[in-house]
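Below is one structure, written out as structure tokens; comments come after it.
The values are calculated or read from the model by the stated rules, or taken from the named source; none is laboratory data. Note that the coordinates shown come from a computational prediction; the quantities given were computed from them, not determined experimentally. FYI the Cβ positions are ideal-geometry reconstructions off the backbone, even for glycines, and counts take in every protein chain you see.
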């Protein structure tokens with residue numbers, strides 16, 4: 001179905017100024033909660049979990065790491081490893097940011113264990129340099145996992161999840 005241009009322009013005129021084509025903004029710093037403890041109730045993949053907060057699940061994306069995507073090599077092992085570290089455990093959550101999907105991007109610890117760092121050390125996640133350039137410990141953990149050929153580093157040239165996501169996007173026919 002083709003929509004005539006005048007109809008599109010009329011619809012756009014009804015939108016508030018500056019909102020046409022704009023992406024929703026991430027909430028500002030006051031929306032970021034103080035550190036808290038919560039129980040992990042679901043592990044979605046190697047870098048995303050749900051914690052139980054005020055009786056409802058809240059999605060958390062681990063800060064500073066990027067784990068294999070669903071259907072990507074090593075995704076199942078990555079999810080299982082994260083599950084072994086945190087599933088049904090109480091974690092300390094330090095929210096660092098809110099992503100464009102509304103997820104809290106946070107550092108998780110179980111006792112003294114830095115969960116993101118443990119995932120990278122085990123070779124089940126990449127150091128997400130773009131967002132955590134200042135985390136030398138993640139860089140060092142990744143170099144160590146690569147040298148030891150742990151986890152996803154058993155592959156000669158594993159594909160970063162960001163590249164995997166880009167390769168899966170469909171390009172509209174012209």
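Some values worked out for this structure:
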{"item": "From the options 129, 107, residue that is within 24 Å of residue 165 (Cα to Cα) and crowded, with 21+ Cβ neighbours inside 10 Å", "result": "107"}
{"item": "Qualifying residue in the range 161-174 (condition: in a loop (DSSP other than H, G, I, E, B) and at pLDDT 90 or above)", "result": "no"}
{"item": "Selection from the range 145-156 of residues that are at pLDDT 95 or above and assigned to a loop (DSSP other than H, G, I, E, B)", "result": "149, 150"}
{"item": "Residues of the range 130-144 satisfying the condition of being free of Cβ contacts under 8 Å to residues at least 60 places away in the same chain, assigned to a loop (DSSP other than H, G, I, E, B) and out of contact with any helix residue (DSSP H, G or I) (no Cβ under 9 Å at 6 or more places or on another chain)", "result": "134"}
{"item": "Within the range 53-93, tally of residues that are over 15 Å from residue 40 (Cβ atoms), without any contact (Cβ under 8 Å) to a residue 60 or more places away in the chain and not in a loop (DSSP other than H, G, I, E, B)", "result": "2"}
{"item": "Number of positions in the range 78-100 that are modelled with pLDDT under 95 and out of contact with any strand residue (DSSP E or B) (no Cβ under 8 Å at 6 or more places or on another chain)", "result": "1"}
{"item": "Residues (part of a strand (DSSP E or B), in contact with a strand residue (DSSP E or B) (Cβ under 7 Å, 6 or more places away or on another chain) and touching a residue at least 24 places away in the same chain (Cβ under 8 Å)) located in the range 101-117", "result": "104, 105, 106, 107, 108, 110"}
{"item": "Condition met for residue 101 (surrounded by fewer than 14 Cβ atoms within 10 Å (Cβ to Cβ) and on the phi > 0 side of the Ramachandran plot)", "result": "no"}
{"item": "The lone exception for residue 26 - which of (1) at pLDDT 90 or above; (2) touching a strand residue (DSSP E or B) at 6+ places or on another chain (Cβ under 7 Å); (3) in a loop (DSSP other than H, G, I, E, B) it fails", "result": "(1)"}
